[in-house]
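Structure record follows, encoded as structure tokens.
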Amino acid sequence: MAEERRFDVACCGEMSDLTQPKDATRATLEAQARLAASLPPEDGADLERARKGFIDTLPHARIENAKGWPAWDLTPFAFQADGEVCPPTVNPSLWRQAQLNLNHGLFQVTEGIYQVRGFDLSNITFVEGDEGFIVIDPLTSAEPAAAALALMRKHRGDKPVSAVIYTHSHVDHYGGVKGVLTDADIAGGARIVAPEGFLAEAVSENVLAGNVMNRRATYMYGALLPRGPRGHVDSGLGKAVSGGQVSLIAPTESISKTGTRLTLDGVEIVFQVTPGTEAPAEMNFFFPRHKALCMAENCTCQLHNLYTRAGPRCATPRRGVSISTRRSTCSPRTPRCCSPATTGRAGAPRTRSRSWRPRATSTSSSTTRP
Ligand SMILES: [Zn+2]
């Protein structure tokens, strides 16, 4: 501590408390102003997309665990509600993203496909099968995943979960699996599908290096900072990682080849494997019946995981873009909707792509900003 203080005095000429939030300096104000001037005019289109298909939600998306503690709660983010002006301490682009990310609840992506957003860092997607729901990416922890499933059942029927798909090996896409699958489901042979290498990558990042990752992620996301314009604002993909029970159930089926076709609960799915992109084990997939494409986190509207201080392997954007825009058995030319796995502003029209026609729409396991 004494050494840190000496460093502080030497660098700044006076003692300052590094633990206290400060107002923006003149350099920061100038940088924010330059960025704001460089942004395209706000036309409201992204907000419209973020709200498209909205059905229902929970008040403030507050979800409690068995002891009554909040595993998730958006109440502290009221300071960034729609209409609030960007404070001088916040990057204007981040502020815009934060306001978009404040839209939460159950949304219809297209007929037969629904998504719950804003209940965690990532999105959870439900596809209606013949007998039940196929769940894609059951969030980071069980409580938010269970709350999302309950919301889906409230509006689309009290049906069982017939299968689960993990798009990739990051914990916010599988950690809540025990919130959607019961022990009886598992014993009954529930199908869980993941890209080849999923389990080894998930364990190496989140178990073997788990403590280190957790500590680094705490700094990266600013999870312990108070929510506010001089504290935690947003994490790009979503607000933050949820705080419930994290779980992992091993996949029962692995996808290793692009073009693989599976039928889950009567729904045909065509897979495109994308290893070494946003995650070491990741895949996109297409639903011919719905003309809908899930882009995992290979397609998000921010610079996700280009350099992550939390510790997972960094994304390789060139490879991700190359694979995601490649025409293949999994990417027919006329998808009607495309959904990433994070604040997937599912349903956002895709307007620029070499191998896709305009008018296709998009849904992701994460967030927006075209
Ligand atoms: Zn990811």
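For the reader, a short list of remarks on this structure follows.
- Over the range 60-110, the reciprocal of the mean inverse Cα-Cα separation, the Kirkwood hydrodynamic radius, stands at 12.7 Å.
- Sorted by Cβ density within 10 Å, fewest first, the residues Y114, Y221, Y174: Y221, Y114, Y174
- Multiplying the residue separation of A223 and H60 by 0.36 nm and subtracting their alpha-carbon distance yields 56.8 nm.
- Cross-link table K159/K239; K22/K239; K52/K239; K257/K291; K178/K239, entries beyond 24 Å C-alpha to C-alpha: K159/K239
- Gain on full stretching of the segment that runs from R153 to A24 - 0.36 nm per residue minus C-alpha separation: 41.8 nm
- R0 of 35 Å, Cβ-Cβ distance V203-E111: FRET efficiency to nearest 0.05: 0.40
- Among F119, F287, a tally of other beta-carbon atoms within 10 Å of each Cβ gives an order, fewest to most, of F287, F119.
- Sorting 175-182, 267-274, 279-286, 134-141 by their mean Cβ neighbour count within 10 Å, with the most densely packed peptide first, gives 134-141, 279-286, 175-182, 267-274.
- Cβ-to-Cβ counts within 10 Å put S235, S38 in ascending order as S38, S235, the fewest first.
- In angstrom, the C-alpha Rg and Dmax of the range 60-177 are 15.5, 52.
- Taking label points 7 Å from Cα along the Cα-to-Cβ direction, D130 and R216 give a separation of 4.6 nm.
Where a number appears in this text, it was derived from the coordinates with a stated rule and is not lab data. Quantities reported herein were computed from a predicted structural model and do not represent experimental measurements. No Cβ is skipped: glycine too gets one built from the backbone with ideal geometry, and neighbour counts run over all protein chains shown.
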